[in-house]
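Trainee: Okay, handing you the structure first.
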Amino acid sequence: MKDWDEIAQGILKGQKRAIARGLTWIEQGRNDGKQLAQKLFAHAGHAQVIGITGSPGVGKSTLVNALTLTLRSQGFKVGILAVDPSSPFTGGAILGDRIRMQDSVMDAGVYMRSFASRGHLGGLSRATFGALTILDAAGFDKILIETVGAGQSEVEIMQLAHTTMVVLAPGMGDDIQAIKAGILEIGQVFVVNKADRDGADHTVRSIRSMLALAPEHPAWMPPILKTVAEDGRGMEELTEALEHHWQHLTDKGLLDRFRWNQTEHLIEQAVADVGEHLIRRARAGPEWSHWVTEVGEGSRDAEHVAEELWRQELQEE
């Protein structure tokens, strides 16, 4: 039996050591990790995936910690994927989310993993989808994905999360940022955190006014909630709103469509990975400098180079 097959069986039984090893393989981009995610994908699709996005400084990590504690008190097993920005020079990350979530990560019914974004745009990590599959297959009821908080690139979370929660805070100009980033279009639940500060009611009114400008009235009207994550205020109302949205997706038969979109995203990412592999290999090859020179001089077209790479790949197979 192959190592990844043994790890897969351990993950399906909820064994944390197997989960940790599988997530490491995924993050390292190993073939074992890809085979593992492929094997487990058919066993996933049961957890509610909740994306938490918003600008840096709004208190996303503190909110995730408080939300996790409340979900655990309600009997749910919770998985957390926290994506931290990585250094452009070393690829490493501070991974400060783990520090801010000490209360929840010590719980046996919680599993948290931090990932460095490693330059991947979209507010997520390349490994996020595979990691999500592992936690889902391991039997977690709720999986929280905290994004980097990169503003306009946050929309990728829509591909992975059933419910996207947009977190804002008063006094940070988030109402204007929401318009600029189009972030109102991706949120199913809006949270004004740090609501004990001046301006919280103004922020709520701003969001409500902008939602009213939508050209159509959707079947789901996003609620706007006020929270103070530091002392747990508003968490019961927040978990209730998240449950209502999950019930809405179930009642409207939208979960199957979401699963279809997830599968499409999986295929698209696999194709993109193949393309990146070709580029890395080509740059290390002897012909790369010649191609760059010829394209720069205009004697060769860049598309012809791409076609040549594909031909070489097919010949080797």
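Trainee: Quick check on segment 156-175: of everything there that is in a loop (DSSP other than H, G, I, E, B) and modelled with pLDDT of 85 or more, which residue is nearest to the chain's Cα centre (by Cα)?
Mentor: A161
Trainee: Something else now. Quick check on my filter: what residues within segment 280-309 are surrounded by 13 or more Cβ atoms within 10 Å (Cβ to Cβ) and in a helix (DSSP H, G or I)?
Mentor: Of everything in segment 280-309, those that are surrounded by 13 or more Cβ atoms within 10 Å (Cβ to Cβ) and in a helix (DSSP H, G or I) turn out to be R281, A282, W288, W291, V292, E294, V295, V305, A306, E308, L309.
Trainee: Scanning segment 209-229 for residues that are farther than 19 Å from T163 by Cβ and not hydrophobic (A, V, I, L, M, F, W, C), which turns out modelled with the lowest pLDDT?
Mentor: H217
Trainee: How many residues does segment 19-49 hold that are assigned to a helix (DSSP H, G or I), charged (D, E, K, R) and without any contact (Cβ under 8 Å) to a residue 24 or more places away in the chain?
Mentor: Within segment 19-49, residues that are assigned to a helix (DSSP H, G or I), charged (D, E, K, R) and without any contact (Cβ under 8 Å) to a residue 24 or more places away in the chain number 1.
Trainee: So P88 ticks every box in (1) at pLDDT below 90; (2) surrounded by 13 or more Cβ atoms within 10 Å (Cβ to Cβ) but one. Which box is left unticked?
Mentor: For P88, the failing item is (2).
Trainee: Taking interchain pairs and intrachain pairs at least six residues apart, which have beta carbon atoms under 8 angstrom, with the first residue in segment 271-294 and over 16 Å from W310 (Cβ atoms) and the second outside any helix (DSSP H, G or I) and charged (D, E, K, R)?
Mentor: E294/R300
Trainee: I'd like the full set of residues that are surrounded by 20 or more Cβ atoms within 10 Å (Cβ to Cβ) and either closer than 18 Å to I157 by Cα or among the small types (G, A, S) (or both), limited to segment 62-77.
Mentor: Across segment 62-77, the qualifying residues are L63, V64, A66.
Trainee: Can you tell me which residues in segment 245-257 are free of Cβ contacts under 8 Å to residues at least 12 places away in the same chain and either surrounded by 11 or more Cβ atoms within 10 Å (Cβ to Cβ) or assigned to a helix (DSSP H, G or I) (or both)?
Mentor: Hits for segment 245-257 are Q247, T250, D251, L254, D256, R257.
Trainee: Here's another thing I want to ask about it. Tell me, please, whether a residue that is outside the structural domain of H162 (by TED's automatic domain parsing), at pLDDT below 95 and within 17 Å of the chain's Cα centre (by Cα) can be found in segment 245-257.
Mentor: Checking segment 245-257: not a single residue is outside the structural domain of H162 (by TED's automatic domain parsing), at pLDDT below 95 and within 17 Å of the chain's Cα centre (by Cα).
Trainee: Quick one: E6 ticks every box in (1) outside the structural domain of D136 (by TED's automatic domain parsing); (2) buried (at least 23 other Cβ atoms within 10 Å of the Cβ) except a single one, so which number is it?
Mentor: (2)
Trainee: Now, a different point. Going through segment 49-85 one residue at a time, which ones are within 21 Å of Q247 (Cβ to Cβ) and of a type in the set (S, T, Y)?
Mentor: Passing the criteria: T68, T70, S73.
Trainee: I want to confirm something. Restricting to segment 113-154 and keeping residues that are among the basic types (K, R) and at pLDDT below 70, which single residue is farthest from L266 (Cα to Cα)?
Mentor: The selected residue is R118.
The values are calculated or read from the model by the stated rules, or taken from the named source; none is laboratory data. Everything quoted here is computed from the prediction, not taken from an experiment. For neighbour counting, all protein chains shown are included, and Cβ atoms are generated from backbone atoms with ideal geometry for every residue, glycine included.
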